[in-house]
Amino acid sequence: MASGRLDLFIAKVPTNTVVITLNCLDSSAELMEIPRNVSLTLEHGKARAIVHVQYLEGRECFADFIELSYVLARRLQLQPLRRYELTYNKISRTMTIQPSPISDARVYLTSHHASYLSIGYELISKLGIPERQGLPLTIQINKILTRLRLQVPANLSDDRIRLPATTFTKWKLAPNRLYVLKFDQRYSVLSISPISST
């Protein structure tokens, strides 16, 4: 069986077509085993549909993704702008799609003199955070929670995260220390944990 994590988008494609874009930053190369333009079953829970798979190559992206029509997403009860695990069974010619809402990344934190949270496009793609300016996110470190609004810089290759200087100081964060970020799409919670130096 082949599997990989993909972000789901609604697109203007035929109802029985699924378009997959792979070989991005965290490539799900195993999924290249899925044959093109052959009838396959796509399952989500008890919902099923017969689909044909197409691949798009040469796109600039930082996360692998799958595109399907609004009608098909609704039939399969799939939510757009969410991350899923897609598993292909060659014997049964079945693709199973299940939510995979938690993603992580290792980063160095920086601060800035604004009241919002700034996360670069490359980093929000890795974490599965929707690219919505002003999106409210809950930030958690240890048991402390705060709400900040998201700002995404225009530079597509930006992979930095910047917290308000007041939050940075209050939480005693270190500017040259590596942290793990974990984003949970179900609750829009971004947790920050220091990586032990040992």
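The values are calculated or read from the model by the stated rules, or taken from the named source; none is laboratory data. Remember, it's a predicted structure, so these values are computed and weren't measured experimentally. Note that each Cβ is placed from the backbone with ideal geometry, even for glycine, and that neighbours are counted across all protein chains shown. Note: accessible area is taken over every heavy atom of the protein model, side chains too, but ligands, DNA and RNA are not part of it. Shrake-Rupley method; radii C 1.70, N 1.55, O 1.52, S 1.80 Å.
Restricting to region 135-179, name every residue that is exposed (fewer than 12 other Cβ atoms within 10 Å of the Cβ) and within 15 Å of residue 190 (Cα to Cα).
Correct list: 136, 142, 143, 144, 145, 147.
Looking at (1) loosely packed, with under 12 Cβ neighbours inside 10 Å; (2) touching a Phe, Trp or Tyr at 6+ places or on another chain (Cβ under 9 Å), find the lone condition where residue 131 falls short.
(1)
Among the residues of region 41-84, write down those that are touching a Ser or Thr at 6+ places or on another chain (Cβ under 7 Å), of a type in the set (Gly, Ala, Ser) and at pLDDT below 95.
63, the sole residue that qualifies.
If you check every pair at least six apart or on different chains, which have Cβ atoms under 8 Å apart with a residue in region 169-198 that is in a helix (DSSP H, G or I) first and a residue that is open to solvent by 30 Å² or more (accessible area, probe 1.4 Å) second?
Listed pairs, sorted by first residue: 169/111.
For every residue, the table says whether it meets (1) open to solvent by less than 50 Å² (accessible area, probe 1.4 Å); (2) farther than 20 Å from residue 29 by Cα; (3) within 19 Å of the chain's Cα centre (by Cα).
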site: 45; (1), (2), (3): no, yes, no
site: 63; (1), (2), (3): yes, no, yes
site: 66; (1), (2), (3): yes, no, yes
site: 72; (1), (2), (3): yes, yes, no
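Could you check region 103-163 for strands (runs of 3 or more DSSP E) lying wholly inside it with 1 or more residues that are of a type in the set (Val, Ile, Thr) and farther than 20 Å from residue 195 by Cβ?
Counting at least 1 such residues, we get 136-141, 144-151.
Among what's in region 95-118 and is closer than 30 Å to residue 76 by Cβ and of a type in the set (Val, Ile, Thr), pick the residue that is most open to solvent (accessible area, probe 1.4 Å).
102
Looking only at residues that are part of a loop (DSSP other than H, G, I, E, B) and modelled with pLDDT of 90 or more in region 9-35, which one is least open to solvent (accessible area, probe 1.4 Å)?
For region 9-35, the residue satisfying everything is 34.
Do we have any residue at all in region 78-94 that's surrounded by 14 or more Cβ atoms within 10 Å (Cβ to Cβ), aromatic (Phe, Trp, Tyr) and without any contact (Cβ under 8 Å) to a residue 60 or more places away in the chain?
The answer is no; no qualifying residue exists.
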